[in-house]
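One structure is given here, and the rest of the page talks about it.
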Amino acid sequence: MRRVGGFAAVLVLAGVLIAVWWTGRPAPTVGAQAVRALQSASPPTPASAPFGAPAVPTVAATVPTPQPVTAPRTLTLPSLGVTAAVEPTGVDERGEFAVPPSVDVVGWYRLGPGLDEPTGSVVLGGHVDSATDGPGAFRRLAELEPGDEALVTGQDGGERRYRVVAREQRPKQDLDLAPYFARDGAPRLTLFTCGGDFDSGARSYSDNVIVTAVPV
Amino acid sequence: MKTAIPRVLAAAALVLGTTVGAAPFASAAEVSMVSVVHGIPGQPVDVYVNGAKTLDKFEPSTVAGPLELAAGTYDVALTKPGEPVGSAILRNQALSVPGGKNLSLAAHLDAAAKPALTAFVNDTAAVAAGQARLIVRHAAAAPAVDVRAGGKPVFTGLTNPKEAKADLPAGAVEADVVLAGTSTVVLGPQSVNLKAGSATIVYAIGSAEGKTLGLASQVVDGLGGAPTGMPAGTGGAADTSAPWPLLSGFALLLVAATAALRRRSARPAGDVAR
């Protein structure tokens, strides 16, 4: 009797512990409002004419020519002890972000802003894991907290410091990636990976984990 | 560009309020965004819309706006700077502006080198992920041309005032303009940067005979082009769904243990001591 009762007590305790662990995990999303504010931020407005009607804006009709872009080369997340190589990438044949094949390499969206640009989102996307190669560079991305640092070294060798302001976990279904890839809004660094529930049939996660950081 | 919008709205409101007061109020769907492109070399102009000066000393090879104009018919006049509307060098008293479009109103030379006003409707339909739209417009006093990218003709037999367009992978293209069907380069080569999610509109302007041929350009943003997804995991080790197998295992054990406990406590004490 005592033995069985003790066993039951241990089981109950274990169940309670699991429940406490499950409910006590950090909230998947923090700082979402900060992200919205960054996305809709406008650059400082030039002082308008003090008198009279505002003039219609006029710009030179010059043909846009390719401008030098500073590509990121490495990303370091000190709080996670992660350093990863960064390679330029674009979209795949389905129009999705082409995450580099190696789980250790993080992709930089070369069709968006590079480093040091006055507006827009520098996007880095990396694997949380892969079926064949195990844990990826962004395996623990969801553990980043607001205030953590992200260091990005550019192709010029210079290091840029960013401070995490938000971590979001959003269902992929209905997720509009456009604001996260925008060339406008405040300058920011956006780190992407997968998370949430795993569908082992489709070998795909339900959510994206999105960390937003701002230049320090 | 974004910051300019309130000012443009204010300017448009001023223009409309002071001069088109009689125009019916238009809903957002009936309003068009209208850019004005100056493609007549060597002649700065004042631009009047419905009799009100809207652009002052508008220089060649510049783009103004976009103005927000309600659908309707407008009187648009271009004068030499400071001259009255009555002596306009170019005027269209019944310029039709459709509703809900993005338009470019180009002042340019026609094929016979006479000033002309042409309203182009800009294709702002969404582009696919990673793509950009290139729109080329023949607005020069010049014969039919081909436009080549990387040496290969992509648009052929383009005549004034026609346009041709294509969606291309975003990035740089090396373009030039040749006389149609020949390899006689009349413009370029020119590197053009096509930004993902934008339409780059390039105008051939000026006059071949006057040796003033050139290119003018405007970019319309906001056409989408962002990736459609971020597939960044196939392993499953980061699964955060509730550990149901674990939890249900515990629940089963718990039920079994409870049942066993009940059975035992239901028996006489002697049995337990057996």
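The values are calculated or read from the model by the stated rules, or taken from the named source; none is laboratory data. If you're wondering where the values come from, they're calculated on a predicted model, not measured in any experiment. Backbone-built Cβ (ideal geometry, glycine too); neighbour counts: all protein chains shown. We work out accessible area using only protein heavy atoms, side chains counted, and drop any ligands, DNA or RNA first. Shrake-Rupley method; radii C 1.70, N 1.55, O 1.52, S 1.80 Å.
A few comments on the model shown:
- Using a Gaussian network model of chain A in which every pair of alpha carbons under 10 angstrom is joined by a spring, one finds that among A:G125, A:G81, A:G90 the greatest mean-square fluctuation is at A:G81.
- Rounded to 10°, Cα long-axis angle of helix A:2-24 versus longest principal axis of chain A: 0
- Average accessible surface for the protein assembly as shown: 48 Å² per residue, computed with a 1.4 Å probe over protein heavy atoms with every protein chain in place.
- The range A:83-99 and the range B:120-140 have Cα centres lying 26 Å from one another.
- Judged by the mean number of other Cβ atoms found within 10 Å, the most tightly packed of the peptides B:114-121, B:69-76 leads the ranking B:69-76, B:114-121.
- Percent RCO, i.e. relative contact order, over chain A, from Cα pairs under 8 Å lying at least 6 residues apart: 21
- Annotation for B:L179 and A:V59: the two label points, set 7 Å from Cα along the Cα-Cβ direction, are 3.6 nm apart.
- Straight-distance crosslink candidates among lysines, where the alpha carbon sits under 23 Å from B:K80 and sequence neighbours closer than 8 are dropped: B:K53, B:K57, B:K114, B:K211
- With R₀ set to 45 Å, the beta-carbon distance separating B:E59 from A:T76 gives a calculated FRET efficiency near 0.40.
- For the protein assembly as shown, the fraction of 1.4 Å probe accessible surface lying on carbon and sulfur atoms is 58 percent.
- Entry note: the protein assembly as shown has Rg to Rh equal to 1.17, where both radii use alpha-carbon atoms and Rh is the Kirkwood radius.
- Helix-derived mean residue ellipticity, 222 nm - over the protein assembly as shown, DSSP H n ≥ 4, -39500 (n - 2.57), to 500: -5000 deg cm²/dmol
- Remark: the range B:138-155, residue by residue, has Karplus-estimated 3J(HN,Hα) of 8, 10, 10, 7, 7, x, 4, 10, 10, 10, 10, 10, x, x, 9, x, 10, 10 Hz, where x stands for each Gly or Pro and the curve is 6.51 cos²θ - 1.76 cosθ + 1.60 at θ = phi - 60°.
- Accessible surface buried by the A/B pair amounts to about 5200 Å², both sides summed, 1.4 Å probe.
- Candidates A:V91, A:V128, A:V106, ranked by Gaussian network fluctuation over chain A, Cα under 10 Å, top entry: A:V91
- Estimated FRET transfer efficiency (A:E159, A:Q67; beta-carbon r; R0 25 Å; 0.05): 0.65
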